[in-house]
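Enquirer: The structure is given below, and queries will be raised subsequently.
The values are calculated or read from the model by the stated rules, or taken from the named source; none is laboratory data. Fair warning: this is a prediction, and the values are worked out from it, not measured in the lab. Backbone-built Cβ (ideal geometry, glycine too); neighbour counts: all protein chains shown. We work out accessible area using only protein heavy atoms, side chains counted, and drop any ligands, DNA or RNA first. Shrake-Rupley method; radii C 1.70, N 1.55, O 1.52, S 1.80 Å.
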Amino acid sequence: MLHYHTIPVTAFQQNCSLVWCDQQMEAAVIDPGGDLDRIEAEIARLGLQLQAIWLTHAHIDHAGGAGELAAQRGLPIIGPHPGDQFWIDGLPQQSQMFGFPPAQSFTPTRWLQDGDTVSIGQETVQVRHCPGHTPGHVVFHAPQITRCFVGDVLFAGSIGRTDFPQGNHQQLIDSITQRLWPMGDATVFIPGHGPESSFGRERQSNPYVGGT
């Protein structure tokens, strides 16, 4: 069975998630934006064997620790979509701009495309490309536990910002309504910041996409 544990990291309180298969206790970490010591402590506490880094997108609070963690542990970096290459290239500048520790740029071991899958242990997770917040943003859908790790596409009561370079508001709305909603109202999503919610709840009450 697939399990997950969320760890808020950095001054931005970004929801970094550990996901693992309970058969071999093999794990991936989604969006290690920083505070690697805290992430490592949780990996040790849970008895996990970290196998991979999965990225939803390449903003500093989501990807800032990825290069360092990959180098320390010899891990593959999987994702995001190639549309975020310019954000990865700019990670050192992003870290300076937002007062983060120095961040390394990197080349992902594997880029992700819409419809791809990623695996950890015996579990397979589906990938959807959901541009709008960034052009290369992806989400990780785990239908076996009715969960989706959506990064900064959707929040409880809000949606991702689109005023960054190559952000696009209409693309974001299309990503939510055409890619997320078909996953089902019962699906609970883990956003990049703040509390979990469900797609059904946001379809009803979210001021940006309610009623869609």
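Enquirer: For Ile43, all conditions in the list (1) buried (at least 18 other Cβ atoms within 10 Å of the Cβ); (2) aliphatic (A, V, I, L, M); (3) under 24 Å from Leu112 (Cα atoms) hold save one; what is the number of the exception?
Expert: It fails just one condition, (3).
Enquirer: From Ala71, Ala58, which residue is of a type in the set (A, V, I, L, M, F, W, C) and in contact (Cβ under 8 Å) with a residue 60 or more places away in the chain?
Expert: Ala58
Enquirer: For the range 138-167, which positions are at positive phi and either in a strand (DSSP E or B) or open to solvent by less than 30 Å² (accessible area, probe 1.4 Å) (or both)?
Expert: Hit for the range 138-167 is Gly151, nothing else.
Enquirer: Right, next: Consider the range 190-212. How many of its residues are within 15 Å of the chain's Cα centre (by Cα) and open to solvent by 80 Å² or more (accessible area, probe 1.4 Å)? Give the derivation first.
Expert: So the first thing to find is which residues in the range 190-212 are within 15 Å of the chain's Cα centre (by Cα), and the list is 190-196.
Retained after the next criterion (residues that are open to solvent by 80 Å² or more (accessible area, probe 1.4 Å)): 195.
Summing the residues that are within 15 Å of the chain's Cα centre (by Cα) and open to solvent by 80 Å² or more (accessible area, probe 1.4 Å) in the range 190-212 gives 1.
Enquirer: Identify all residues within the range 49-108 that are in a helix (DSSP H, G or I), touching a strand residue (DSSP E or B) at 6+ places or on another chain (Cβ under 7 Å) and open to solvent by less than 20 Å² (accessible area, probe 1.4 Å); write none if there are none.
Expert: Asp61, His62, Ala66, Leu69, Ala70
To keep it simple, each residue is scored yes or no on (1) within 13 Å of the chain's Cα centre (by Cα); (2) basic (Lys, Arg).
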| site | (1), (2) |
| --- | --- |
| Phe140 | yes, no |
| Val150 | yes, no |
| Ala156 | no, no |
| Arg161 | no, yes |
| Phe164 | no, no |
| His169 | no, no |
| Val188 | no, no |
